[in-house]
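Okay, structure first, notes after.
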Amino acid sequence: MTVPRGAIDCDIHPAVPSFAALMPYLDEYWREAVAMRGIDKLPLDITSYPAGAPLAGRPDWRPKTGAPGSDFEMLRAQALDGFGTRFAICNVLHGAQMLFQDDMAAAFCGAINEWIARELLDRDERLCASIVAPIQNVALAVAEIERRAADRRFVQVLVLSQADMPLGRRHYWPIYEAAERLGLPVGIHAGSMYRHAPSSAGWPSYYVEDYVAYAGGFENQLLSLIAEGVFAKFPKLKVVLIESGVTWLPAFFWRANKTWRGVRTDIPWVKRPPAEYVRDHVRLTIQPMDAPPSAAQLERVIEQIGSDDMLLFSTDYPHWQFDGEPALPAPLAGRLAEKILVENPLATYPRLEER
């Protein structure tokens, strides 16, 4: 289905063209340290999204040189003008979120956020962005969130779906407190810091295993947020699962609800069935849509999810995990399409309504 003009794209991926592009946004100490250590010669790509993999960029969306998404004029022509986008949220994926050294990670994430503001947001008013947060150190992550939140063009906090530990753990709660206080959803994007194997069975051999395992990782994180009490503690918090897929959700609801009824004394703060918390607090982007082969089957899955409010339009530009320009699957039509394209994003991201 061709996307109607004026949609709000909740997931596009501009790429930092090189580490040299970040150097002007580092302070003197880190510029010297980067040059002395030769870090400026490293790509520091996020390895769970290898830039050379076919899925990382549609052939005609790849610039002649550099990573997909690194050419601003191509991004403007293809992701904004090409889809007739009203607003698009930039989710910049970078290896800075994977570094072990806390101070370096915070410095690099800060430089990325400043690069986003100057090189993307200043150049097109249709662009908004997520704050790249160094969650290796929660205090540093909160400081970066608070610093960037003053710029209302930053509409979300961005973390990877597989981190040091399950994201519901109380260790991360200061991040959620800051996000709730500042009116920022937390976007959990497919990707890994590779502290642990992406599969519960251990380390896989091939990229296809790693990629498909992300759906299970999202289930684990969602259950962690519920069971640890994140949504009970932060009742206004919104969480967006980005590139998680969608069709796994009904089975997750059924299993989580049934199990909760038998063991809910173990987590007394979870006072309602897990599915109710998810419908209230969680949103999912629709690309890549892990759709069944027939439209009727997809319609049935949407019905089983039980909410028209949960799905957010996205193109995932410049990644190529859907069938070209029809970024809105045909069954998502009529009134549901109106909600997915505009109303649900506006309800999820209060800062978009301001614009």
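The values are calculated or read from the model by the stated rules, or taken from the named source; none is laboratory data. Note that the structure is predicted; figures quoted are calculated from it, not measured. Ideal geometry is used to build each Cβ from the backbone, glycine not excepted, and the neighbour counts take in all protein chains shown.
General remarks:
- Test result for residue 111, touching a helix residue (DSSP H, G or I) at 6+ places or on another chain (Cβ under 7 Å), buried (at least 19 other Cβ atoms within 10 Å of the Cβ) and more than 23 Å from residue 316 (Cα to Cα): yes
- Considering 129, 139, the condition of being buried (at least 24 other Cβ atoms within 10 Å of the Cβ), in contact with a Pro (Cβ under 9 Å, 6 or more places away or on another chain), free of Cβ contacts under 8 Å to residues at least 60 places away in the same chain and among the aliphatic types (A, V, I, L, M) is satisfied by 129 alone.
- Single match in 306, 262 (criterion: closer than 25 Å to residue 226 by Cβ, under 24 Å from the mean Cα position of the chain (by Cα) and of a type in the set (Gly, Ala, Ser)): 306
- The one condition in (1) outside any loop (DSSP other than H, G, I, E, B); (2) free of Cβ contacts under 8 Å to residues at least 40 places away in the same chain; (3) within 16 Å of residue 7 (Cα to Cα) that residue 345 fails to fulfil: (2)
- Residues located in segment 156-198, provided they are among the β-branched types (Val, Ile, Thr), in contact (Cβ under 8 Å) with a residue 40 or more places away in the chain and under 15 Å from residue 142 (Cα atoms): 159, 175, 186
- Selection of segment 208-244 for residues being touching a strand residue (DSSP E or B) at 6+ places or on another chain (Cβ under 8 Å) and either surrounded by fewer than 16 Cβ atoms within 10 Å (Cβ to Cβ) or small (Gly, Ala, Ser) (or both) yields 209, 213, 216, 217, 244.
- Check on residue 45, surrounded by 14 or more Cβ atoms within 10 Å (Cβ to Cβ), within 25 Å of residue 314 (Cα to Cα) and acidic (Asp, Glu): yes
- Identity of the residue in segment 116-125, surrounded by fewer than 22 Cβ atoms within 10 Å (Cβ to Cβ) and among the hydrophobic types (A, V, I, L, M, F, W, C), that ends up nearest to residue 138 (Cα to Cα): 117
- A single member of 105, 88, 53, 77 is surrounded by fewer than 18 Cβ atoms within 10 Å (Cβ to Cβ), among the aliphatic types (A, V, I, L, M) and at pLDDT 95 or above, and it is 77.
- Residue pairs whose Cβ atoms lie under 6 Å apart, sitting 6 or more positions apart in sequence or on different chains, and linking a residue in segment 276-291 that is acidic (Asp, Glu) to a partner that is surrounded by fewer than 19 Cβ atoms within 10 Å (Cβ to Cβ) and part of a loop (DSSP other than H, G, I, E, B), are 290/247.
- Residue match in segment 24-34 (condition: of a type in the set (Gly, Ala, Ser) and either surrounded by 20 or more Cβ atoms within 10 Å (Cβ to Cβ) or within 25 Å of residue 153 (Cα to Cα) (or both)): no
- Within segment 4-49, being among the acidic types (Asp, Glu) and part of a loop (DSSP other than H, G, I, E, B) holds for 27, 45.
- Which listed residue, of 84, 38, 66, 110, is over 21 Å from the mean Cα position of the chain (by Cα) and under 30 Å from residue 344 (Cα atoms): 84
- Residue 261 vs. criteria touching a strand residue (DSSP E or B) at 6+ places or on another chain (Cβ under 9 Å) and touching a residue at least 12 places away in the same chain (Cβ under 8 Å): no
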